[in-house]
Structures are given as C-alpha cells and as structure tokens.
Amino acid sequence: MNDDSPAQSDLTVRLAPGVGQFNAAQWNSLGGDRNPFISHEFLTSLEDSGSVGEGTGWDPAPIAITDGQDRLLAAMPSYAKGHSQGEYVFDQSWADALHRAGRNYYPKLQIASPFTPANGPRLLLSDPALSGHLLKGAEIVCEQNGLSSAHATFIDPDQVSLFEDADWLLRNDLQFHWLNRDYDNFDGFLDELASRKRKNLRKERAAARSGLRIERLTGDDIKPEHWDAFWVFYQDTGARKWGTPYLTREAFTLMGERMGDRMVLILAYDEGVAIAGALNFIGSDAIYGRYWGCTRDVRFLHFELCYYQAIDIAIERRLPRVEAGAQGGHKLARGYEPVQTWSAHWLAEPGFRAAVADFLDREREGVATDQLILDDRTPFKKGG
C-alpha cells in the first residue's frame, strides 16, 4: 500500500444494503467518474427505481472497505442473485450441474453493473493493494451466507490480473467493438474498408435515413416526452428479448436527472413522430450503446442508430472505442472488431471448482479459434 495509506488494522470490510448508503463523491472518486455504469448515479438510479431490489432477483449487496474515519477506500458493486438473468455471461449449465449433484447454485454473488454487458472496473480501489482484501471479503460473504459462488463479469482488462492473483478462475468471450484510429470523420473510417464493404455501408446509411430526421439529445435537452417515446421502444425490445424489461420507467427519469450529460439519446422521426431510438452512455474512453427499440421497421435503421451514429459520436468526441453491447456477429461487417472480454469466478465447493476449471480450459481454446477466424473476416483492406 502507499506510505500514506491507513494501517491494515484500521480497515473495515463491510457489506451494505445498497450503493445509496455511500457518499456519492467518495464512491465516484474510486472510478465512477470515468465509467458511467459503476457510477453512484447509475447504480442508485437502479436501486431507487426498483429495477434492482426486492422481487427482481438482484438484491444490492455492495462490499466496501473503510478506514477508521469511515472514509471509503475500496468497494465493489455486488448483488445477491437468485437467477442468472441479465448477466450476459452464461452459467446456467453450471447451475444445472451443481443441482444434479444435490447442491444449490443459487443464491450466488454477482459483481457487476446490472443488465450491462460493458467492460468496467469491478474493484473500485484507492490503492491496488486493497484488491486482495476486497476479494477475500467477497469470499467470506459467500461462506457466511451460504452462497455457492461469486462471479465478476465484464472486468476491465487492466483488472484481470488482480482476480488471477487471488486465484479466481478466469473466463473469456468475444464482443465486437469499434476502434477509433484517430479518424477525422466517418469517411476517414470508410476509407480503411475494402471497396465493396465501403459502398455497402454508404448505401445502408442512405437507405436508413431516407425521409427521416435523426436527432441527438443529451443533458437537459432530454425532456419527459423523449423518455416517454423511448420507453415505448425499450419495452418492445425488452419484451421480445427478455420477456419482461429489466428497467422500470422511473429508471430512465432518474438517470436523466442524475447523469444526463453522460447520455446521448438518438431518436428517428418520421413526419414529426418518433419511430425509433437508441440510448448511449459516455465514459472517459468509450461510448457505450445500451438500449434500442422501434415502433416501425425501417431497413438498416437499427444499424444507423446503434452503430453508425455511435461511430460519429466517438470520432467527434475523440473517444477511443465504441462498445455496442453483447453478441451480434452482424457488427463485424460494419467495422466492429472482435475483442476479448473477461469474467472471474470463485466457487466454494472444491470438486465443482475443478470441474469448472477444466471446462474453462477447453472453452478458452474455442474462443481463441473463433477470434482468429473473425479477425480474418473484418471488412478492412487486406494489405501486404
């Protein structure tokens, strides 16, 4: 630890009933000022709107380290989970295997930003030396409360080694991210693509925007009527994908009030009526596409609002990348490249841990092969 850090005897590791229990400035100083999805504003919007909490299967259980003066030195956004929904790192086969062995997989501890398959810090640290204490605290919480396991998903790549040092099992997968190579504009990006791919993207953008007006809104410019329109879009997508939308209507109002300047709402209008929308969040080094929906199908409009507009914004704001969410091999043809994502897992039962470790070794080989294949299929010019 740093020379001016408090002595370890002054540290307290504690479990809290919600992120709202902590001072916002102290919480954000640990990383929430850089990543929107672990910010105090985002996480408390989920809590205060009822999107997490009683009846959702996501019970807030943040673990924190404080000093003798009750200052927040480290924390992790964590939840007691009664299911595996809304995580985007699939462990249902693990749950089935443990149940067949006569043991319960749920509840478990999930260290994550709920419903958000976006990379970010999972250990919020004033000093990297506190990472071991925080992870040991998570293990103790599981042991004392009868939780089968702890899972940290979509870990910032810079923090993967901290979990590995604590002997957590590592798992990787692939997402498609757009990488900004200092482009001056969208045409500069298109110039890097093979001729046929470049023509296809131009045709898609033209077709998607034909006869429509595209509007970007941020901060106080996002009014209740805009959220009302977007809520209709979000409900439609949520009902088709998940059965029940994860977020409540109030969540969007609270996020708009608390962090509207870190959000960009993109709406498409046809003769003055909003027919589709996409919601993005802005971090210090990325724009994150999160929610989309429409009330009328327009060819290529999904690509325009979710992918191409996000690229425009990243170029304008000089952001290094666009993370457009989970899955979606169709992103590859639109300039989004395969990038590894990471999760880490602690399992209480030694035999179960050994079985999962063996599974992960085999899975990792498949992911590496997939990435090699996908890298070769990107639309960029193939140089000498």
| request: For segment 342-365, state whether one or more residues are touching a residue at least 60 places away in the same chain (Cβ under 8 Å), in a strand (DSSP E or B) and acidic (Asp, Glu). | output: no
Within segment 221-228, is there a residue that is more than 26 Å from Gly86 (Cα to Cα), touching a strand residue (DSSP E or B) at 6+ places or on another chain (Cβ under 8 Å) and open to solvent by less than 60 Å² (accessible area, probe 1.4 Å)?
yes
Q) Would a scan of segment 337-357 turn up a residue that is buried (at least 16 other Cβ atoms within 10 Å of the Cβ) and farther than 25 Å from Glu164 by Cα? A) yes
Just one listed residue, out of Ser78, Ser126, is open to solvent by 10 Å² or more (accessible area, probe 1.4 Å), modelled with pLDDT of 95 or more and not β-branched (Val, Ile, Thr), and it is Ser126
### Filter pass, Val52 being open to solvent by 20 Å² or more (accessible area, probe 1.4 Å), in contact with a strand residue (DSSP E or B) (Cβ under 9 Å, 6 or more places away or on another chain) and not hydroxyl-bearing (Ser, Thr, Tyr)
no
Quick check on segment 20-40. Is at least one of its residues touching an Asp or Glu at 6+ places or on another chain (Cβ under 6 Å), open to solvent by less than 70 Å² (accessible area, probe 1.4 Å) and at pLDDT below 95?
no
Considering segment 314-323, residues that are outside any strand (DSSP E or B) and open to solvent by 20 Å² or more (accessible area, probe 1.4 Å), and then whichever is farthest from Asp184 (Cα to Cα), we arrive at Pro320
Those residues of segment 310-333 which are closer than 20 Å to Glu87 by Cα and modelled with pLDDT under 95 amount to Ala324, Gly325, Ala326, Gln327, Gly328, Gly329
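Condition check: aromatic (Phe, Trp, Tyr) and touching a strand residue (DSSP E or B) at 6+ places or on another chain (Cβ under 9 Å). Does Phe281 satisfy that? Outline the logic, then answer.
Numbers: aromatic (Phe, Trp, Tyr): yes; touching a strand residue (DSSP E or B) at 6+ places or on another chain (Cβ under 9 Å): yes.
In short, yes.
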Every listed condition ((1) of a type in the set (Gly, Ala, Ser); (2) surrounded by fewer than 20 Cβ atoms within 10 Å (Cβ to Cβ); (3) in contact (Cβ under 8 Å) with a residue 40 or more places away in the chain) holds for Gly120 save (2)
Of the residues in segment 155-208 that are open to solvent by less than 50 Å² (accessible area, probe 1.4 Å) and of a type in the set (Asp, Glu), the one that is nearest to the chain's Cα centre (by Cα) is Asp156
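The values are calculated or read from the model by the stated rules, or taken from the named source; none is laboratory data. What you are looking at is a predicted structure, and each value in this text was computed from that prediction instead of being measured. FYI the Cβ positions are ideal-geometry reconstructions off the backbone, even for glycines, and counts take in every protein chain you see. All accessible areas refer to the heavy atoms of the entire protein, side chains included, with ligands and DNA or RNA removed. Shrake-Rupley method; radii C 1.70, N 1.55, O 1.52, S 1.80 Å.
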